[in-house]
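Take a look at the structure set out below.
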Amino acid sequence: MSHGKTSYVCLACRVSFKQPHDRARQRTCPRCTKPMIHAGSAFAAPRRRDIAAWRTLTVLLNAGVGFHKSCCSGPGFRPRTMREVRERLTCAQRTGTPAATALTGPDMP
């Protein structure tokens with residue numbers, strides 16, 4: 001069932017593609033043929049040369065953090081640097097908070 005265009009990301013190739021969303025179909029990268037990750041309709045890919053941004057994105061996507069619209073406000077807070085990611089994951093570990101929750105919450109304790 002298709003519900004509009006959404007982004008699929010290949011972390012190995014540092015590329016993303018907007019395609020119709022279909023839960024039943026696994027997307028593969030046209031460059032390397034590895035499975036792509038569904039990033040969401042509010043995803044904006046960093047420049048391919050921005051290795052630091054792709055490193056941060058890799059942590060977010062592998063933790064299950066997506067970039068989905070919530071009504072009109074967009075996906076909400078997402079860390080933009082590895083420093084922010086490390087701080088939030090350290091906090092999650094100390095407090096027992098799930099990683100995805102710590103990475104997307106606007107405030108840390």
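Among the residues of segment 76-94 satisfying the criterion of being open to solvent by 30 Å² or more (accessible area, probe 1.4 Å) and touching a helix residue (DSSP H, G or I) at 6+ places or on another chain (Cβ under 7 Å), which is modelled with the lowest pLDDT? In this case the residue turns out to be 76. For segment 13-30, a residue qualifies if it is of a type outside the set (Lys, Arg) and open to solvent by 60 Å² or more (accessible area, probe 1.4 Å), and the qualifying residues are 17, 24, 26, 28, 30. Per the listing 58, 33, 97, the residue uniquely closer than 26 Å to residue 4 by Cβ, assigned to a loop (DSSP other than H, G, I, E, B), open to solvent by 40 Å² or more (accessible area, probe 1.4 Å) and polar (S, T, N, Q) is 33. When segment 1-30 is filtered for residues that are small (Gly, Ala, Ser) and either free of Cβ contacts under 8 Å to residues at least 60 places away in the same chain or part of a loop (DSSP other than H, G, I, E, B) (or both), the ones remaining, listed by number, are 2, 4, 12, 16, 24.
When you scan segment 65-75, do you find a residue that is closer than 12 Å to residue 8 by Cα, of a type in the set (A, V, I, L, M, F, W, C), surrounded by 13 or more Cβ atoms within 10 Å (Cβ to Cβ) and modelled with pLDDT under 90, even just one? Yes, because at least one residue in segment 65-75 is closer than 12 Å to residue 8 by Cα, of a type in the set (A, V, I, L, M, F, W, C), surrounded by 13 or more Cβ atoms within 10 Å (Cβ to Cβ) and modelled with pLDDT under 90.
The values are calculated or read from the model by the stated rules, or taken from the named source; none is laboratory data. Since the structure is predicted, the reported quantities are computational estimates derived from the model, not experimental observations. We place every Cβ from the backbone using ideal geometry, glycine too, and count neighbours over all the protein chains shown. For the accessible areas, the whole protein counts, side chains as well, though only heavy atoms, and no ligand, DNA or RNA atoms are used. Shrake-Rupley method; radii C 1.70, N 1.55, O 1.52, S 1.80 Å.
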